[in-house]
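See below for the structure under consideration.
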Amino acid sequence: MCGIIGIYGNPEAATLAYLGLYAQQHRGQEGAGIVSMDGAVVHRHMGEGLVSEVYHDPADLKRLRGTSAIGHTRYSTTGGLDTKNVGPLLFNVRNEPVSIAHNGNLVNLTALRSKLQAEGAIFQTTTDTELLVHLLARGPEEALADRLPRALEQVEGAYSLLILSPEGLLVARDPHGWRPLAIGKLKETWVLASETCALDLIGAEELREVEPGEILVIDGKGLRTVTHLPPGQLAHCIFEYIYFSRPDSRIYGANVDKMRRRLGNALAREAPAPTADIVIAVPDSSNTAAIGYAQESGLRHDIGLIRNHYVGRSFIRPQQDLRDLTVKLKFNPVRGVLEGKEVVVVDDSIVRGTTMRSLVKLLRQAGVKKVHVRVSSPPIHHSCYFGLDFPTSEELIAGTRTSAAIATFLGVDSLAYLSMAGMLASMDHDPGHFCTACFSGEYPVEIHDVPRKDMFETSSSPASVELPAG
Ligand code: SF4
């Protein structure tokens, strides 16, 4: 997934980008980075970890001078956990700095990367994003904006892109519109962000989304559309509404909170639990769907699980074997709310099932009488190749088991998922405008070579090479 932010035309560009990354921390916690541009002079500070960990010294931000900046929070889907893969990537292209922030995942990587390597390209990272830079470096056209359409016509998959160079800020979104990308304005400053919650934080007004297939340039003359790529079948990731985006964001032209509540409403209609006493959420991503379930069912909504938001990367696992420690660290049941109750637990999705299984144990230990798990999306049967790091079908719990077998594995009294029809009917859009491949197996584009996260780890630059921060 990843969160991206772009600022153009503000003396505090890096600070605004930093705030935009903070608002989009939920989209990627593996690394964060900002590249700023001061005329043709480029500055970068990036590193592994949360935004607060990467930017813990005010001097780091101060060094990022310039009136334009792009930022990135990393959630890896291609390329390992390594500083060299943290965005925005920065290269020297035809003697000019070019930096790129990418949200999404490309799917026709293997053949393209092999072809470029055969032509002499030397890859510095193991990400899919770098491929775009190599394509962008080629071609007879002088301006990057003129070379970008041809570069993008060669790639398939999901991309919302920000490319910063002395020419200005280039912006692009794939023709399927997989990932969101909003355009905002803060007085004279242009702001681009994966989610509108970033615009809200810095006080920018949302103007519109970048259209699927649209390529834009922002420079001293303002913002203008360069071109549209040949149109493709729309494939907005429906999982953005189910889980990924923050409920206070607007994406694909609709409010995430509203869509998520409707998913909860539909789930309550399809899978009631009339004997239950209360409805609780698996916090935080399921909070809104649980409220929707409670509203529709008339059951009382309560806070039965408390989430610890402060489990950092530096947590040291104790030597002794504490069972279900990872889940216990993250969630604690509220005994006073749960004891002696029959409880509906609403979760947005179940991937491997191990977290839910541990949670159910915690709930039982807290004295819950009966556990009814309700999931506000259909069973996930298939991997995602467009920016979500799902495991293979064999590792997905619904990839190999029936709902009854999953209920037994989880140790619940009942389990129900929202149907595909119920999910799609909850949306504002035409059902055909969504990607639902992880549920249906119907991929909007042909997957020639199944991408893997570690696909280039051994054949490319050594994992021990690290780029300096700053
Ligand atoms: Fe989203 Fe699922 Fe499609 Fe991936 S496969 S883009 S998670 S809907």
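The values are calculated or read from the model by the stated rules, or taken from the named source; none is laboratory data. Quick caveat, the model's predicted, so the values are computed rather than measured. Glycine gets a Cβ as well: all are built from the backbone with ideal geometry, and neighbour counts include every protein chain shown. Just the protein is used for accessible areas: all its heavy atoms, side chains included, with ligands, DNA and RNA removed. Shrake-Rupley method; radii C 1.70, N 1.55, O 1.52, S 1.80 Å.
Observations
- Restricted to the range 161-271, the set of strands (runs of 3 or more DSSP E) holding at least 3 residues that are open to solvent by 50 Å² or more (accessible area, probe 1.4 Å) comprises 205-209, 222-228.
- Output for the range 229-261, where each listed residue is touching a Ser or Thr at 6+ places or on another chain (Cβ under 6 Å) and farther than 20 Å from R300 by Cβ: I238, I242, Y243, P247, S249, R250, I251, V256, D257
- Tally, over the range 308-324, of residues that are under 26 Å from the mean Cα position of the chain (by Cα) and modelled with pLDDT of 65 or more: 4
- From the list R44, R65, R94, the one residue that fits, being assigned by TED's automatic domain parsing to the domain that holds G139, over 21 Å from K185 (Cβ atoms), at pLDDT 95 or above and open to solvent by 40 Å² or more (accessible area, probe 1.4 Å), is R65.
- Residues (loosely packed, with under 15 Cβ neighbours inside 10 Å, in a loop (DSSP other than H, G, I, E, B) and within 12 Å of the ligand (Cβ to nearest atom)) located in the range 432-456: G441, E442
- Selection within the range 24-38 - more than 10 Å from the chain's Cα centre (by Cα) and open to solvent by less than 10 Å² (accessible area, probe 1.4 Å): G31, A32, G33, I34, V35, S36, M37
- Test result for R138, in the same structural domain as G39 (by TED's automatic domain parsing) and open to solvent by less than 10 Å² (accessible area, probe 1.4 Å): no
- Qualifying residue in the range 417-425 (condition: away from the ligand (no atom under 11 Å from the Cβ), aliphatic (A, V, I, L, M) and out of contact with any helix residue (DSSP H, G or I) (no Cβ under 8 Å at 6 or more places or on another chain)): yes
- Residues that are among the β-branched types (V, I, T) and out of contact with any Lys or Arg (no Cβ under 9 Å at 6 or more places or on another chain), drawn from the range 171-225: V171, T189, I202, T225
- Scanning the range 382-416 for residues that are within 16 Å of the ligand (Cβ to nearest atom) and surrounded by fewer than 16 Cβ atoms within 10 Å (Cβ to Cβ) yields D389, P391, T392, S393, E395.
- Residue selected from the range 335-381 under the condition part of a helix (DSSP H, G or I) and open to solvent by 30 Å² or more (accessible area, probe 1.4 Å), by the criterion farthest from the ligand (Cβ to nearest atom): G336
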